[in-house]
Amino acid sequence: MNRLQTPKRAIKAQKPKQKVALKQPKRSVLKTTKRGFASPYNPSVPHPAAEMPLGDSAFTSTSLYACEPEMTYGGALSFLRRKYSRNVTGHGVNGNERADVVVSGLPYDSAVTYRSGARLGPRAIRAASVQLAELKPYPWAFQPFDHLAVVDSGDAFLDPHNPMTIRGSIVDHARKILNSTGPEKAVKNDSKNTWGDFYSHNKDRTTRMLTFGGDHFVTYPLLQAHAEKYGPMALIHFDAHCDTWGDDSAHPHELNHGTMFRHAANEGMVVPEHSVQIGLRTVNDDYMGFNVLDATWVHNNGVDAVLRKIEDVVAKSKLPVYLTFDIDCLDPSAAPGTGTPVPGGLTSFQALHILRNLRQTGVDVVGADVVEVAPAYDVSEITALAAAHVATDILCMWADGKREAGLGLPPLH
């Protein structure tokens, strides 16, 4: 038999090949549970949202809780990929979710005394937050959005060609958020503080604000709206500058990003003797009674001494606390992208260590802002990245309060 010929028995054994139909891949969606999605980073924690395609969760997400997978380098740039909405209430599959925190931007920088550019700060901070959104934040080691309902309401509309309207527009923007009401009310307002320290000054579950400037002037109208809600507050102020300049007798109407805390103190919004200013590297003849922990003091005494001072001066007052973080508190090596940089500032480690341990001092931060990021002067986005870390740690501080109180994803209704 020719070697090229196939034996008959071999021919019988061979079967004609059958065409195999290729299965079309299913469109990627998260696995659904009784609530909706399973959290991508913690499958045991369900995500109360309707089934939807992956990506652009700022637009497609129903819930304010948990996280959706995103391309780090793509998608809508809300802060930490939170849902975009102007509504504080009515979220979730059943409309029973209410925002614990509203993130918003105030793109205004016409009150600067040197370089402008902070109007682009909110956009830069959001963009720098994308990498922080993909993993559990360090060193917290838990997913804050399993406990904290956060919405990004975008930027408040401010008319730069009508400068006399800016202050009122910001106050109205803040009032609308702080005075919002909705479901998820406290079950009991007892002396044991059922809702944990997250609500120690929030028995009616007031939504908190985390705001991105803009120059530091924007803190003044924010303080005005918060003082209307909470009364006089203690101030924790990170900055290179004291922002209490100005002689009211000579310039009674002068109000810019270097004078607003003088006005806030004179008008009773903040209580200087129960407030601290951290990281200062400028001199003023009158600090208005604020407790100043300048940069040299911080470097010489250490961050734990700062925390002890906050506990003694701020926490023991039992006042509600407003936290404002001017990014120029950091040394220009860590934050060059700002309008008025001053050498000799805090390192990013020092500032973040203080923020990450604030809850241990017993303070109750009812509102916060991060200001003065000017991307035009930044290098490799390191200033915006530092600001995004600061803002994330503030959210984690609040989430940790709810987590310890056993609060998180709302019950089904």
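The values are calculated or read from the model by the stated rules, or taken from the named source; none is laboratory data. Keep in mind that what you see is a predicted model, and the values were worked out from it rather than measured. Every residue, glycine among them, receives a Cβ derived from its backbone with ideal geometry; neighbour counts consider all protein chains shown.
What the table shows:
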{"quantity": "The stretch 126-138, residues that are touching a residue at least 60 places away in the same chain (Cβ under 8 Å) and not in a helix (DSSP H, G or I)", "calculated": "Ser129, Val130, Glu134, Leu135, Lys136, Pro137"}
{"quantity": "Qualifying positions in the stretch 363-413 - at pLDDT 95 or above, surrounded by fewer than 20 Cβ atoms within 10 Å (Cβ to Cβ) and acidic (Asp, Glu)", "calculated": "Glu381"}
{"quantity": "Residue in the stretch 105-129 that is farthest from Leu395 (Cα to Cα), counting only those that are β-branched (Val, Ile, Thr) and at pLDDT below 95", "calculated": "Thr113"}
{"quantity": "Residue pairs meeting the criteria (Cβ under 7 Å; at least 6 apart or on separate chains; first closer than 13 Å to Pro160 by Cα, in the stretch 108-125; second of a type in the set (A, V, I, L, M, F, W, C) and assigned to a loop (DSSP other than H, G, I, E, B))", "calculated": "Tyr108/Leu158"}
{"quantity": "Enumeration of residues in the stretch 69-118 that are acidic (Asp, Glu) and more than 15 Å from Asp152 (Cα to Cα)", "calculated": "Glu70, Asp109"}
{"quantity": "Unique match (being closer than 25 Å to Leu355 by Cβ, touching a strand residue (DSSP E or B) at 6+ places or on another chain (Cβ under 8 Å) and of a type in the set (Phe, Trp, Tyr)) among Tyr108, Tyr138", "calculated": "Tyr108"}
{"quantity": "Any hit, the stretch 68-80, residues being closer than 16 Å to Phe212 by Cβ and either surrounded by fewer than 20 Cβ atoms within 10 Å (Cβ to Cβ) or among the aliphatic types (A, V, I, L, M) (or both)", "calculated": "yes"}
{"quantity": "Condition broken by Gly90, with the remaining ones in (1) at positive phi; (2) surrounded by fewer than 17 Cβ atoms within 10 Å (Cβ to Cβ); (3) at pLDDT below 50; (4) not charged (D, E, K, R) satisfied", "calculated": "(3)"}
{"quantity": "The one condition in (1) in a loop (DSSP other than H, G, I, E, B); (2) farther than 26 Å from Lys402 by Cβ; (3) of a type in the set (A, V, I, L, M) that Val88 fails to fulfil", "calculated": "(2)"}
{"quantity": "Answer from Gln350, Gln360 - the residue that is surrounded by fewer than 19 Cβ atoms within 10 Å (Cβ to Cβ), out of contact with any Pro (no Cβ under 9 Å at 6 or more places or on another chain) and farther than 22 Å from Asp152 by Cα", "calculated": "Gln360"}
{"quantity": "Residue that is hydroxyl-bearing (Ser, Thr, Tyr) and within 17 Å of Ile278 (Cβ to Cβ), where the choices are Thr383, Thr392, Thr324", "calculated": "Thr324"}
